[in-house]
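**Q** Please find one structure pasted underneath; my questions will follow.
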Amino acid sequence: MNLISPYKKLKKASLIIFTLALTRANAQSVYPTGVTVYDPARAYNSYIIFSAPDNKTHLIDMNGNEIHTWNYAGFPGELLDPAVAGGKKGNVLIQYESIKGIGTSETPGQTIFRNKSIAELNWAGDVVWKWGDKAPDSIARQHHDWQRLPNGNTLVLANRLRPIPGFKLPKLLDDIIYEINPAGDIVWTWNASDHLKEFGFTPEQLELVKNSLDADYLHVNNMTSLGPNHWYDKGDERFNPDNILIDSRNANFIIVIDKKTGKVVWNLGPNYPAIGQRNAAVPRPVDQISGQHDAHLIEEGLPGAGNLIVFDNQGEAGYPSATLQPTGGSRVLEIDPVTKTIVWQYTGQDSDAPTWSFYSSFISSARRLPNGNTLIDEGMHGRFFQITPKGEIVWEYVNPYFGRSPIGGISRTVRSNWVYRAQPVPYNWVPDGTAHAEKAIKPVDNSTFRVPDSQ
């Protein structure tokens, strides 16, 4: 996540100072953590939950105060809407147990693929539901996403290491979706390898996929049911609320799966026109997306409802690899899924800074908020920030919870504060009486700020 940035009075000129000075946190040995900017009057005020490299899941308020902690991480850690948790407030989904000494990937050290069981914990940290024993081989292998459904069942994105006919490698990680009932029984299954010809690959691209030396050939990193939406209400069956949206980071596509048939009924990518002017006027046709995360339809009742919002990492991906701009920079895109046009976007330029000042080549998320703002997790550097529709930063936080991680290291772990996803949590989703702060934090003038001389 491109580093922190203190800017003066949230004016665009000040945003330049803020972003340029702390533009690449990972390139600096010393930089601020916690909340660096907060305008309570213009921000959407809520809690935020995230799992960190310290292997804990943290709930913070807008001033960065730790409100609650669960001593487990999730991929992602997710706080449940009480409406799908039997009315219980403060319940979370986490990864509960890991496989010891057993690899599930051909890449050693990928602990996210060694998940033996997942669990729902209550506010006190007690296990109220657990799944893994009834999974194939009694190992959940959940990764990247899950969702509690209104019917009480749970969607789980998982994988299995197994042979796939026609591929060069003897075994691959096949992405799988399970629907699990409260008793732990699998009641619906979808296997990615059964639908290779539906993903939009040309014959030449499909050959590249099959000859890939990456066992995690698709790397599906996102999964969610569509939920109620006006497209379906108007008669578009592709957007049935029960249908499931996923995206493939490695293959640059986003698809909708028909829940009844398992067939792909809508897709975006994997083939796009090249990016022209990054901040060209919208609406305009979708251009080159690469390595994207957290694609989902904006919920009914929120500004932009029914549109697809996605963190477009602009990280290396594709069959063949997409051609990316030399100046780099990630984007958040809001897309009309019917016309496949970009109707709103955010880049570093929208905070009056270079494109490279906002960049995460992997992980990350973006969530629309009730007041029209957007919460962004620039995951690579553990930076969350909230922007107005015009790109003004009204809240910013840098994760202070570091830990050892194999991600970003070569043959060893490294110290990191990366965060896969940040979830906004309404105040009324946690137990009554839970305190929170909303105290304004004015940005410093970064052109004159200095670390005090300790001598």
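The values are calculated or read from the model by the stated rules, or taken from the named source; none is laboratory data. Predicted model only: the values in this text are computed from it and were never measured. Using ideal geometry, Cβ is built from the backbone for each residue, glycine included, and neighbour counts are taken over all protein chains shown.
**Q** If I go through region 50-84 residue by residue, how many of them are among the aliphatic types (A, V, I, L, M), farther than 24 Å from Val414 by Cβ, touching a Phe, Trp or Tyr at 6+ places or on another chain (Cβ under 9 Å) and outside any strand (DSSP E or B)?
**A** Selection size over region 50-84: 2.
**Q** Within region 64-82, which residues are touching a residue at least 60 places away in the same chain (Cβ under 8 Å) and of a type in the set (A, V, I, L, M, F, W, C)?
**A** Hits for region 64-82 are Ile67, Phe75, Leu79, Leu80.
**Q** Is it fair to say Arg404 is more than 15 Å from Phe384 (Cα to Cα) and touching a strand residue (DSSP E or B) at 6+ places or on another chain (Cβ under 7 Å)? Outline the logic, then answer.
**A** On the way: more than 15 Å from Phe384 (Cα to Cα): yes; touching a strand residue (DSSP E or B) at 6+ places or on another chain (Cβ under 7 Å): yes.
Yes; evaluated as a whole, the condition is true for this residue.
**Q** Another question about this same structure. What is the residue count in region 262-281 for residues that are in a loop (DSSP other than H, G, I, E, B) and out of contact with any Phe, Trp or Tyr (no Cβ under 6 Å at 6 or more places or on another chain)?
**A** Let us first name the residues in region 262-281 that are in a loop (DSSP other than H, G, I, E, B), namely 262-263, 269-281.
So of that shortlist, the ones also out of contact with any Phe, Trp or Tyr (no Cβ under 6 Å at 6 or more places or on another chain) come out as 263, 271-281.
Matching residues across region 262-281 total 12.
**Q** Could I ask something else about it? Cβ contacts < 8 Å: first residue closer than 11 Å to Ile60 by Cα and part of a strand (DSSP E or B), restricted to region 27-49; second residue among the polar types (S, T, N, Q) and at pLDDT 95 or above, any location; separation 6+ or different chain. Result?
**A** These pairs meet every condition: Val35/Asn63; Ile48/Gln423; Ile49/Thr57; Ile49/Gln423.
**Q** Among (1) touching a strand residue (DSSP E or B) at 6+ places or on another chain (Cβ under 9 Å); (2) at pLDDT 95 or above, where does Gly276 come up short?
**A** (2)
**Q** Let me ask something else. Which is of a type outside the set (Asp, Glu), surrounded by fewer than 20 Cβ atoms within 10 Å (Cβ to Cβ) and under 18 Å from Asn221 (Cβ atoms), of Ser321, Ser330? Give the steps one after another, and end with the answer.
**A** Details: Ser330 fails: surrounded by fewer than 20 Cβ atoms within 10 Å (Cβ to Cβ).
Criteria check complete, one pass: Ser321.
**Q** Are there strands (runs of 3 or more DSSP E) fully within region 390-455 with at least 2 residues that are among the aromatic types (Phe, Trp, Tyr) and at pLDDT 95 or above? List them. Walk me through how you get there before you give the answer.
**A** Working: elements: 393-398, 403-405, 414-416, 423-425.
Strands (runs of 3 or more DSSP E) meeting the threshold: 393-398.
Yes/no matrix, rows are residues, columns are (1) in a strand (DSSP E or B); (2) buried (at least 20 other Cβ atoms within 10 Å of the Cβ); (3) in contact with a strand residue (DSSP E or B) (Cβ under 9 Å, 6 or more places away or on another chain); (4) charged (D, E, K, R):
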position: Val128; (1), (2), (3), (4): yes, no, yes, no
position: Asp133; (1), (2), (3), (4): no, no, yes, yes
position: Asp145; (1), (2), (3), (4): yes, yes, yes, yes
position: Gly152; (1), (2), (3), (4): no, no, no, no
position: Ala158; (1), (2), (3), (4): yes, yes, yes, no
position: Leu161; (1), (2), (3), (4): yes, no, yes, no
position: Leu169; (1), (2), (3), (4): no, no, no, no
position: Leu173; (1), (2), (3), (4): yes, yes, yes, no
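**Q** Taking into account only those residues within region 207-252 that are assigned to a loop (DSSP other than H, G, I, E, B) and polar (S, T, N, Q), which is surrounded by the fewest Cβ atoms within 10 Å (Cβ to Cβ)?
**A** For region 207-252, the residue satisfying everything is Asn211.
Results for (1) more than 22 Å from the chain's Cα centre (by Cα); (2) over 17 Å from Val37 (Cα atoms); (3) among the small types (Gly, Ala, Ser), shown as yes or no for each residue.
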{"site": "Gly403", "(1), (2), (3)": "no, yes, yes"}
{"site": "Ser411", "(1), (2), (3)": "yes, yes, yes"}
{"site": "Val414", "(1), (2), (3)": "no, yes, no"}
{"site": "Gln423", "(1), (2), (3)": "no, yes, no"}
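**Q** Only residues that are touching a Leu at 6+ places or on another chain (Cβ under 6 Å) and farther than 18 Å from Arg367 by Cβ: list them for region 49-78, please.
**A** Within region 49-78, Ile67, His68, Trp70 qualify.
**Q** Which of the following residues is within 24 Å of Pro443 (Cβ to Cβ), of a type in the set (Val, Ile, Thr) and within 19 Å of the chain's Cα centre (by Cα): Thr347, Thr388? Please lay out each step first, then the result.
**A** On the way: Thr388 fails: within 19 Å of the chain's Cα centre (by Cα).
Of Thr347, Thr388, the one residue that is within 24 Å of Pro443 (Cβ to Cβ), of a type in the set (Val, Ile, Thr) and within 19 Å of the chain's Cα centre (by Cα) is Thr347.
**Q** Let me ask you something else. Please report, ordered by residue number, the strands (runs of 3 or more DSSP E) entirely within region 295-359 with at least 2 residues that are charged (D, E, K, R).
**A** Values: elements: 308-312, 331-336, 341-346.
Once the strands (runs of 3 or more DSSP E) in region 295-359 are filtered for at least 2 residues that are charged (D, E, K, R), what remains is 331-336.
**Q** Here's a follow-up. Answer yes or no: is there a residue in region 397-420 that is touching a Phe, Trp or Tyr at 6+ places or on another chain (Cβ under 6 Å), among the polar types (S, T, N, Q) and surrounded by 14 or more Cβ atoms within 10 Å (Cβ to Cβ).
**A** Within region 397-420, one or more residues are touching a Phe, Trp or Tyr at 6+ places or on another chain (Cβ under 6 Å), among the polar types (S, T, N, Q) and surrounded by 14 or more Cβ atoms within 10 Å (Cβ to Cβ).
**Q** So for region 285-297 (the condition being in contact with a Lys or Arg (Cβ under 6 Å, 6 or more places away or on another chain) and either closer than 24 Å to Thr202 by Cβ or crowded, with 21+ Cβ neighbours inside 10 Å (or both)), does at least one residue qualify? Steps first, please.
**A** Taking region 285-297 as the starting set, the residues that turn out to be in contact with a Lys or Arg (Cβ under 6 Å, 6 or more places away or on another chain) are 286, 291.
In the following step, the residues that additionally are either closer than 24 Å to Thr202 by Cβ or crowded, with 21+ Cβ neighbours inside 10 Å (or both) were identified as 286, 291.
Yes; the residues of region 285-297 include at least one that is in contact with a Lys or Arg (Cβ under 6 Å, 6 or more places away or on another chain) and either closer than 24 Å to Thr202 by Cβ or crowded, with 21+ Cβ neighbours inside 10 Å (or both).
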